[in-house]
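The block underneath contains the structure these notes are about, expressed in structure tokens.
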Amino acid sequence: MSAAGHPRDVVIVGASLAGLRAAETLRAEGFTGNLTLVGAEQHAPYDRPPLSKRFLTGQPPAADTALPVPDGLRACWRLGQAAVRLDPYSRIVTLADGTGLPYDGLLIATGAAARSGAAPGEPGPEQGVFTLRGRDDATALRAALTPGRKLLVVGAGFLGGEVAAAGRALGLDVTLVEAGSVPLVRAVGAEVGAFVRTLHREAGIDLRTGTTVAAYRAGPDGRLTGARLTDGRTVAADVAVLALGAVPATGWLAGSGIEAAGGVRTDSRLRALFPDGSAVPGVVAAGDAARVPQPLAGGAAPALGHWSGAVEQGAAAARTLLRGEAAPVFAEVPSFWSDVHGVRLRSVGLPALADTVKVHECDREARRLEVSYHLHGRLVGALTIGRTSRLAAYRRTLAECRP
Ligand SMILES: Cc1cc2nc3c(=O)[nH]c(=O)nc-3n(C[C@H](O)[C@H](O)[C@H](O)COP(=O)(O)OP(=O)(O)OC[C@H]3O[C@@H](n4cnc5c(N)ncnc54)[C@H](O)[C@@H]3O)c2cc1C
């Protein structure tokens, strides 16, 4: 530690959105020590939301998704090197090549990986079955989405809906399979799900709900030809995308003693916790790898996986590394957006908590929707389509009325 109480050696594991935002904040707030960013991918930081949207349809060069790295970051980049172990007692992060990186401040920002759902031996990208998390996945998928092909998307959540919409925009026949009764029902409720179902059907997507894939079918060359669904029907497909959610990329913390199942559990200043609830000295976590207490959820720590959460938590975690107890408590209102068939869904708060959903406006023709979410009569979230200006008031209320 320096005389100012700042750490001298900060290591950030995960060189993406949360990690980069933390690095920027450290420098902006006066950190002058050594800063190392470790990233499993070869790529410099890039943005993921475009990968399921215009990257699939618009063919922009991959460089267009790069996140700007400010001049003056003065960081040592260890890209293409996964961290494989953490010893929080001797304060060393070990990389895949065996290098040990000592730290007095560590940020865990390793994000999440796509949940594959594929059993060993089931088809992968070579056979035409993809998942989508990183730029390399998106590049491979984009090459496979050629007009005239048949695309099967498994899972009609936000990511699955966006990929299905991109497939239609590219001229593919698209079947979208969803285990729930309507798309998005667990995340934002049946009302929004029904609205999005209409958008999918109007776009010509064959949406099958209440079912999922029982088995894939392949031709003699091993390439995908289709799938049998659990409802007994079959679907022809040359390309499939499994959009089954994400799991925090925290396997490298096994054996560290840190509570990381389902994401690194943190306190309200983003300090990583041991299972007994004590803070791991010098270690913070942010973004999709972290489970941060949410005031709206009464302090429970759901895994959210939102872009804005990674940005805000990255900055907040950096402040905790610099200021410890004097850093502000993290209390941002979560927010999220998704683009599908030319409309943007925006949400604030935690809609999934709600026991009651109020529909204030639903105009399918004009593509407008305004919905608020309540738990025991208290506002916990809101979602709009085509009514962005209304979200600011909900956000204010959510920020003011947290229990
Ligand atoms: C295709 C896609 C579309 C999305 N669209 C939206 C959207 O429309 N709206 C929205 O709000 N959110 C969206 N998101 C979510 C948003 O992108 C994430 O919440 C955000 O990227 C999380 O940032 P992060 O830095 O925590 O994790 P990530 O962006 O996942 O970055 C983690 C980094 O850590 C690296 N890493 C993993 N393990 C290790 C290791 N052991 N050692 C070193 N490095 C490691 C990974 O390679 C990765 O580069 C989308 C996500 C995806 C994948």
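The values are calculated or read from the model by the stated rules, or taken from the named source; none is laboratory data. Here the structure is a predicted model, which means the values were calculated and not measured. Cβ coordinates were reconstructed from backbone atoms using ideal geometry, including for glycine residues, and neighbour counts include every protein chain displayed. Side chains included, ligands, DNA and RNA excluded: accessible areas come from the protein's heavy atoms. Shrake-Rupley method; radii C 1.70, N 1.55, O 1.52, S 1.80 Å.
Scan the range 96-107 and give yes if some residue there is under 17 Å from residue 40 (Cβ atoms) and among the acidic types (Asp, Glu), otherwise no.
Yes: the range 96-107 contains one or more residues that are under 17 Å from residue 40 (Cβ atoms) and among the acidic types (Asp, Glu).
Among the listed residues 182, 239, which satisfies the condition of being surrounded by 14 or more Cβ atoms within 10 Å (Cβ to Cβ), within 30 Å of residue 366 (Cβ to Cβ) and outside the structural domain of residue 353 (by TED's automatic domain parsing)?
182
Does residue 367 satisfy the criteria of being surrounded by 14 or more Cβ atoms within 10 Å (Cβ to Cβ), in contact with a strand residue (DSSP E or B) (Cβ under 9 Å, 6 or more places away or on another chain) and either without any contact (Cβ under 8 Å) to a residue 40 or more places away in the chain or of a type in the set (D, E, K, R) (or both)?
Yes: the conditions hold for residue 367.
Of all strands (runs of 3 or more DSSP E) completely enclosed by the range 152-233, which ones contain at least 2 residues that are among the aliphatic types (A, V, I, L, M) and at negative phi?
Passing ranges, in order: 173-178, 213-218, 224-229.
Considering only the range 63-86, how many residues are touching a strand residue (DSSP E or B) at 6+ places or on another chain (Cβ under 8 Å), farther than 25 Å from residue 28 by Cα and open to solvent by 60 Å² or more (accessible area, probe 1.4 Å)?
Qualifying residue count for the region: 2.
Can residue 388 be described as at pLDDT below 95 and either open to solvent by less than 20 Å² (accessible area, probe 1.4 Å) or within 23 Å of the chain's Cα centre (by Cα) (or both)?
Criteria met by residue 388.
Is it the case that the range 310-317 has a residue that's open to solvent by 60 Å² or more (accessible area, probe 1.4 Å) and touching a residue at least 12 places away in the same chain (Cβ under 8 Å)?
no
Within the range 52-62, is there a residue that is free of Cβ contacts under 8 Å to residues at least 24 places away in the same chain and either β-branched (Val, Ile, Thr) or open to solvent by less than 60 Å² (accessible area, probe 1.4 Å) (or both)?
Within the range 52-62 (the criterion being free of Cβ contacts under 8 Å to residues at least 24 places away in the same chain and either β-branched (Val, Ile, Thr) or open to solvent by less than 60 Å² (accessible area, probe 1.4 Å) (or both)), the answer is yes, since at least one residue qualifies.
Before we move on, is residue 89 in contact with a Lys or Arg (Cβ under 6 Å, 6 or more places away or on another chain) and assigned by TED's automatic domain parsing to the domain that holds residue 307?
no
Starting from residues that are closer than 28 Å to residue 167 by Cα and among the β-branched types (Val, Ile, Thr), keep the ones in the range 319-347 and report whichever is surrounded by the most Cβ atoms within 10 Å (Cβ to Cβ).
Among those that are closer than 28 Å to residue 167 by Cα and among the β-branched types (Val, Ile, Thr), it is 340.
Is at least one residue of the range 15-38 within 23 Å of residue 164 (Cα to Cα), in a loop (DSSP other than H, G, I, E, B) and open to solvent by less than 50 Å² (accessible area, probe 1.4 Å)?
Scanning the range 15-38, I find no residue that is within 23 Å of residue 164 (Cα to Cα), in a loop (DSSP other than H, G, I, E, B) and open to solvent by less than 50 Å² (accessible area, probe 1.4 Å), so the answer is no.
Which of the numbered conditions does residue 225 fail, given that it passes all the others? Conditions: (1) open to solvent by less than 50 Å² (accessible area, probe 1.4 Å); (2) of a type in the set (Val, Ile, Thr); (3) outside the structural domain of residue 20 (by TED's automatic domain parsing).
Every listed condition holds for residue 225 apart from (1).
Inside the range 274-305, can you point out the residues that are at pLDDT 95 or above, within 16 Å of the ligand (Cβ to nearest atom) and open to solvent by 20 Å² or more (accessible area, probe 1.4 Å)?
The answer is 288, 291.
Taking the condition within 16 Å of the ligand (Cβ to nearest atom), acidic (Asp, Glu) and in the same structural domain as residue 51 (by TED's automatic domain parsing), does residue 312 pass?
yes
Here are 139, 175, 99: which of them is open to solvent by 50 Å² or more (accessible area, probe 1.4 Å), touching a residue at least 12 places away in the same chain (Cβ under 8 Å) and of a type in the set (S, T, N, Q)?
139
Tell me, please, whether a residue that is within 19 Å of the chain's Cα centre (by Cα), buried (at least 23 other Cβ atoms within 10 Å of the Cβ) and over 30 Å from residue 277 (Cβ atoms) can be found in the range 187-194.
Checking the range 187-194: at least one residue is within 19 Å of the chain's Cα centre (by Cα), buried (at least 23 other Cβ atoms within 10 Å of the Cβ) and over 30 Å from residue 277 (Cβ atoms).
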